[in-house]
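Comments concern the structure below.
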Amino acid sequence: MLFAGLNEAQCRAVEAVDGAVLVLAGAGTGKTRVLTTRLAHILGSGRAYPGEMLAVTFTNKAAREMRERLEAMIGRAADGVWLGTFHALAARILRRHAEAVGLNSNFTILDTDDQLRLLKQIIAAANLDERRWPARALLGLIERWKDRGLVPGKVPAGDAGDYADGRAIALYRAYQQRLATVNAVDFGDLLLHNLTVFTGNPEILALYQQRFRYLLVDEYQDTNIAQYLWLRLLAQQHRNLCCVGDDDQSIYSWRGAEIGNILKFESDFPGALLVRLEENYRSTPEILAAAAGVIAHNRGRLGKTLWTRAEGGEKITVRGVWDAEQEARWVGDEIEALQRRQHPLKEIAILVRAGFQTREFEERFIALALPYRVIGGPRFYERQEIRDALAYLRLVRQPSDDLAFERIVNMPRRGIGTATLQLLHAEARADSLPLVEAARQLVAAERLPRAARNALGAFLAALDRWRAEADRLSHTDLVQIVLDESGYTGMWQADNAPDSPGRLENLKELVVGMAEFENLGGFLEHVSLVMDNAANSSGDMVNLMTLHGAKGLEFDTVFLPGWEEGLFPSLRSVEQSGLKGLEEERRLAYVGLTRARRRAFISFAANRRIHGQWQSAARSRFIDELPAAQVEMVTETGLGPAPVWGGGSTASAGIAGASPSWSAAWSHAQAGRTARQPVLIESPRVPRRGQEVPKIGGFAVGDRVFHQKFGYGTVSAVEDNKLAIDFEHAGDKKVMDAFVERR
């Protein structure tokens, strides 16, 4: 009964219970069913009691689902099975043997905020300037060392880097000592202390080696070195270790995952059985063939080829567009067409390589009144760094904006603490003043401690300077000056957290978005509209997320935008990690393609505007690696012929009616395909396609029109080439007629 419905390879993976087994489970091949069936088979056959089985997952959700499935299969509770995440199981062991590492069993597990607070104390005690050597950067170093199973005494001297002039290891040691003093651990310690207990106490290790007769591990390709060492120690006696994973879906090296763990499994366990799960139950043959064609270019893989019994399916659509805005318009049009065919929005996903890419899609969807959700993170204008930047701009434009003042008066930290803010609020209430004016009074009256008075005075002076510059500078130049002079950009540049580069990219994208508006007021009004629409979104919605966040999910239709060199594959990843980085980017492309059940769309832009300047872009090498038989290539009208397949440059065709910069941009984009480097276009003011020859005049009251930002509307008044328009979702606006189309 347990084996009913399993295919031949799945049965082999379930039945091979003795010895080491590596199950290479491709996307959509039913690995969770294999894992739970294997657990049920071992229990049902009497090979082990529940307490003799250890099953490890990466998330609590996966652990809950596996336990529920197992109990449904065996028809009773599976309470005795050690089933959970690495951290949960390691914590369970550590509480039993805490004294072996100098702790009490009731130790506290610190979260990130507590870790940072403790590290700040350590940095201050070492007489270091935390502004120069941020606690978050030190935490990143310590987490990487713990992922590698390194206690302070085992960290190679060369790994200290330049943090605090080479004192990072000493700070790590002080941090560990402080944790022990307060009877606390962080998440990295759970496995690290387990390793210390096992290696320093052979009798304790022997107890667990004897206990766990069978070990099962899910998502083995995502294990770090500490997790790998922990598993190897526990499996040494019985050697009945079954690891399930997919080397082609190893995409988390930035979180410490080591793909080498799965690639060397057979050498770690000589004679291990390798079972490949290749029959896919999710995607069409066209999608699987396309994904296989891309991933085949990786050298560091064990190799497998997904196939399906299903027939037919649509080819992968690859579309070349002019820029990111046109890309968003095209995706919006395709989604609306799918919606008219009764396609559920919840079964549509847009998977981007970088978080900043979501802005154009979010604004386009709002213009179309198309509901959407951002999975794995906030919407673009809800992100911390964007809200902070907007608060600066709001305060420059409107000095009485107390909420904006409170948000950024000490961001980045200027030494303006809680006590100073309390005095400010009291002064403002007493004299019915905005906080900015209350601050001026307190500074002038010297009623604050010197350090706080100087910091607040410098902040007010900067505000006055920015406000004066706002009259003579463009709003895009102003925001860059404000973010630089305030120290806000520098704060994220100095922060070594994994998400800091993404925050800086989002700030650059904010500048790009602002450039589409005539002035700061118009932009801030637009943001208010966006936030209002976002709050009202509900029901059936399009899913918008990063490729990393999409792993484990599946949708009927998937859009994969931004397949351009430098963006995808990421230039940063390739520069930092070379071939390993490139191969992980290719695995990310494979993950993206295999999220799709029925259809997949890929797009690339000839140009992207970065920091207010246009850059031509070469299409991603991953597009060239797609098998031609599974692809339908489409190029936007006006961009010349479709690119030549399989590499090489494509000559620029004459573009009727286009300015020279258009043809030059496309030529640069195509010529750059061989060099794989973005080329900066000299002129930052490339016109949008269709606007080279603006249409002026000819509109009348009552005309139905469409605006790229505000959507559909009706003309309510006409004055020369200026139109007053009542937009369906954006309200009343005044725009130039060159920026709307008659519908």
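The values are calculated or read from the model by the stated rules, or taken from the named source; none is laboratory data. Nothing here was measured: the structure is a model prediction, and the numbers come from that model. In this analysis, Cβ positions are derived from the backbone assuming ideal geometry, glycine residues included, and neighbour counts consider all displayed protein chains. To get the accessible areas, we keep the full protein, side chains included, count just its heavy atoms, and leave off ligands, DNA and RNA. Shrake-Rupley method; radii C 1.70, N 1.55, O 1.52, S 1.80 Å.
Annotations
- The set of residues from region 712-727 being surrounded by fewer than 18 Cβ atoms within 10 Å (Cβ to Cβ) and under 18 Å from GLY522 (Cα atoms) comprises LYS722, ALA724, ASP726.
- Note on region 29-86: residues that are aromatic (Phe, Trp, Tyr) and either open to solvent by 60 Å² or more (accessible area, probe 1.4 Å) or at pLDDT below 90 (or both) amount to 2.
- Those residues of region 481-499 which are under 24 Å from the mean Cα position of the chain (by Cα) and modelled with pLDDT of 85 or more, in sequence order: LEU483, TYR488, THR489, GLY490, MET491, TRP492, GLN493
- Which numbered condition ARG447 fails, given (1) assigned to a helix (DSSP H, G or I); (2) open to solvent by 60 Å² or more (accessible area, probe 1.4 Å): (1)
- 2 or more residues polar (S, T, N, Q) and touching a residue at least 12 places away in the same chain (Cβ under 8 Å): qualifying helices (runs of 4 or more DSSP H) within region 172-265: 187-200, 202-211
- Some residue of region 196-211 being surrounded by fewer than 23 Cβ atoms within 10 Å (Cβ to Cβ) and touching a strand residue (DSSP E or B) at 6+ places or on another chain (Cβ under 7 Å): no
- Pick from region 266-288, criterion touching a residue at least 24 places away in the same chain (Cβ under 8 Å) and out of contact with any strand residue (DSSP E or B) (no Cβ under 9 Å at 6 or more places or on another chain), ranking: nearest to THR557 (Cα to Cα): TYR281
Residue-by-condition table, conditions (1) crowded, with 24+ Cβ neighbours inside 10 Å; (2) of a type in the set (Gly, Ala, Ser):
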site	(1), (2)
PHE568	yes, no
VAL574	no, no
LEU579	no, no
ALA589	yes, yes
THR594	yes, no
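- Filtering region 285-300 to residues that are open to solvent by 20 Å² or more (accessible area, probe 1.4 Å), assigned to a loop (DSSP other than H, G, I, E, B) and not charged (D, E, K, R) leaves ALA296, HIS297, GLY300.
- Residues within region 101-111 that are surrounded by fewer than 16 Cβ atoms within 10 Å (Cβ to Cβ) and either touching a Phe, Trp or Tyr at 6+ places or on another chain (Cβ under 9 Å) or more than 23 Å from LEU139 (Cβ to Cβ) (or both), tallied: 5
- Where helices (runs of 4 or more DSSP H) sit wholly within region 371-438, those with at least 1 residues that are within 25 Å of GLU360 (Cβ to Cβ) and small (Gly, Ala, Ser) occupy 384-397.
- The set of residues in region 1-14 being out of contact with any Phe, Trp or Tyr (no Cβ under 8 Å at 6 or more places or on another chain) and surrounded by fewer than 23 Cβ atoms within 10 Å (Cβ to Cβ) consists of MET1, LEU2, PHE3, ALA4, GLY5, LEU6, ASN7, GLU8, ALA9, ARG12.
- Scanning region 212-254 for residues that are out of contact with any Phe, Trp or Tyr (no Cβ under 7 Å at 6 or more places or on another chain) and small (Gly, Ala, Ser), we see that the one that is most open to solvent (accessible area, probe 1.4 Å) is SER253.
- Among the numbered conditions (1) touching a Phe, Trp or Tyr at 6+ places or on another chain (Cβ under 7 Å); (2) hydrophobic (A, V, I, L, M, F, W, C); (3) more than 30 Å from MET491 (Cβ to Cβ), the only one that LEU368 does not meet is (1).
- Residue among LEU138, LEU94, LEU89, LEU119 that alone is open to solvent by less than 10 Å² (accessible area, probe 1.4 Å), part of a helix (DSSP H, G or I) and in contact with a His (Cβ under 8 Å, 6 or more places away or on another chain): LEU94
- Exclusive hit being of a type in the set (A, V, I, L, M), surrounded by fewer than 23 Cβ atoms within 10 Å (Cβ to Cβ), closer than 17 Å to VAL527 by Cβ and modelled with pLDDT of 85 or more, set ILE386, ILE375: ILE386
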